[in-house]
Amino acid sequence: MIKIYHNNSCSKSRAAFELLKENNLEFEIHEYLKNVPSKEELKEIIVLLNIKPFDLIRKNESIFKEKYNQMILTDEEWIDVMLENPILIERPIVIKDGQAAIGRPIENIINLLK
């Protein structure tokens, strides 16, 4: 089953959603702002993406600029920051067959679906 971590107010996330729909793929929508992932789930996503927690953070969000921009935190602390402020989680994230991609650019998801 394909899973998309989705924010409908984000154009990139909507584009990924439409890509999945247009290809008639079955997928599960996870609106992560309404239903924040568990710590274990977020850690699993980070492992699947093969990145550091800090690399999953949206650094252009005002809350990041105002509160976290100058901070040096551990991986665990960055995970906690994302769980407290899910708007900071990069989007969209698509997971398929034990692999994951961030849909920026959308080609990342196209490659994942191949």
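The values are calculated or read from the model by the stated rules, or taken from the named source; none is laboratory data. Predicted, not measured: the structure shown is a model, and the values here were computed from it. When we count neighbours, we look across all protein chains shown, and the Cβ atoms used for this are built from the backbone with ideal geometry, even at glycine. Keep in mind that these areas ignore ligands, DNA and RNA; they rest on the heavy atoms of the full protein, side chains included. Shrake-Rupley method; radii C 1.70, N 1.55, O 1.52, S 1.80 Å.
Just the number, please: percent antiparallel of the DSSP beta bridges in the chain, rounded to the nearest 5.
Numbers: 8 of 12 bridges.
Taking every DSSP beta bridge with both residues in the chain, the antiparallel ones total about 65 percent.
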For segment 13-45 versus segment 79-112, the gap between their alpha-carbon centres in whole angstrom:
8
Size descriptor, Kirkwood hydrodynamic radius, that averages inverse alpha-carbon separations across segment 18-58, Å
12.1
Qualifying aspartates and glutamates (Cα of each under 18 Å from Cα of Lys3; at least 8 residues distant if same chain):
Glu18, Glu22, Glu26, Glu28, Glu31, Glu40, Glu41, Glu44, Glu90, Asp97, Glu107
With every atom except the alpha carbons ignored, what do you get for Rg and Dmax of segment 60-114, in angstroms?
13.8, 39
Per residue, how much accessible surface does the chain expose to a 1.4 Å probe? Answer in Å², no decimals.
58
Carbon and sulfur together cover what percent of the accessible area of segment 1-67 at a 1.4 Å probe radius?
45
Pairs of Cα atoms under 8 Å, at least six residues apart: use those to get the relative contact order of the chain, whole percent.
34
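Determine the dipole magnitude for the chain: charges of +1 sit on the beta-carbon of Lys and Arg, -1 on that of Asp and Glu, nothing else is charged, the reference point is the Cα centre, and the result goes in debye to the nearest 20. Working shown, then result.
Values: 16 positive and 19 negative charges, 78 e Å.
Dipole about the Cα centre, nearest 20: 380 debye.
With N residues in the chain, what two-decimal value do you get for its Cα radius of gyration over 2.2 N^0.38 Å? Intermediate values should be presented prior to the final figure.
On the way: Rg = 13.7 Å, N = 114, 2.2 N^0.38 = 13.3 Å.
Working it through for the chain, the quotient is 1.03.
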Inter-probe distance in nm under a simple model that places probes 7 Å from Cα toward Cβ, at Asn50 and Leu83:
2.6
